Amino acid sequence: MLKLYTTPSCTSCRKAKKWLINHNIEFVEHNIMKEPMKEEDLLRILQLTENGTTDIISTRSKVFARLSTDLEKLTVKELISLIQENPSLLRRPLIVDERRLHIGYNEDEIRVFLPAEYRKKELATILLMTGI
């Protein structure tokens, strides 16, 4: 099942949620400000990153600046605790399924969550319309 990690004030989160709904993709939404993320979910997200904390931590956030923490010196356990205590450190939205992690909202990139059959039909339609 697809998981969508959001915050209420995040415009990109609202766009991602609307896109998923419009494309009939089932998902479970988690408001990270109301429901602290579970350790196993954070570990899964970290496993799916390409660049570790660089991918998921918003180093431009006010919270990050206030903490003045060197992420490289934290153990995984300490990092998870830090995120659980300060969920706004995370870039949003985070969209996770069994194999993939998508960070932020990009209409082209989010299409990876469309079922393969849907993408094939869409491509066939495009090819037909363009005469390729």
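Scanning segment 11-44 for residues that are surrounded by 16 or more Cβ atoms within 10 Å (Cβ to Cβ) and among the aliphatic types (A, V, I, L, M) yields a count of 6.
Residues of segment 1-26 being out of contact with any Phe, Trp or Tyr (no Cβ under 6 Å at 6 or more places or on another chain) and under 20 Å from I56 (Cα atoms), which ones? Residues satisfying the conditions are K3, Y5, T6, T7, P8, S9, C10, T11, C13, R14, K17. Within the option set T7, T54, being closer than 22 Å to D70 by Cβ and out of contact with any Leu (no Cβ under 7 Å at 6 or more places or on another chain) holds for one residue only, T54. The condition (being in contact with a Cys (Cβ under 9 Å, 6 or more places away or on another chain), of a type in the set (A, V, I, L, M) and farther than 18 Å from Q84 by Cβ) is satisfied by just one residue among L20, L4: L4. Counting only helices (runs of 4 or more DSSP H) that sit wholly inside segment 1-109, those with at least 2 residues that are of a type in the set (V, I, T) and under 14 Å from the mean Cα position of the chain (by Cα) are 53-56. Among residues belonging to segment 84-112 that are surrounded by fewer than 18 Cβ atoms within 10 Å (Cβ to Cβ) and touching a residue at least 60 places away in the same chain (Cβ under 8 Å), point out the one that is nearest to K62 (Cα to Cα). Checked segment 84-112; the qualifying residue nearest to K62 (Cα to Cα) is S88.
The one condition from (1) farther than 19 Å from T6 by Cα; (2) of a type in the set (S, T, N, Q); (3) touching a helix residue (DSSP H, G or I) at 6+ places or on another chain (Cβ under 6 Å) that N51 does not meet is (3). Residue check: is S68 farther than 18 Å from L2 by Cβ, hydroxyl-bearing (S, T, Y) and surrounded by 10 or more Cβ atoms within 10 Å (Cβ to Cβ)? It is false that S68 is farther than 18 Å from L2 by Cβ, hydroxyl-bearing (S, T, Y) and surrounded by 10 or more Cβ atoms within 10 Å (Cβ to Cβ). Of all the residues in segment 110-124, those that are within 15 Å of the chain's Cα centre (by Cα) and modelled with pLDDT under 80 number 0. For residues that are within 16 Å of L20 (Cβ to Cβ) and either small (G, A, S) or part of a helix (DSSP H, G or I) (or both), tally how many sit in segment 110-121. So the count comes out to 6.
The values are calculated or read from the model by the stated rules, or taken from the named source; none is laboratory data. No experiment lies behind these values; they were computed from the predicted model shown. Glycine also receives a Cβ, built like all others from the backbone with ideal geometry; neighbour counts cover every protein chain displayed.
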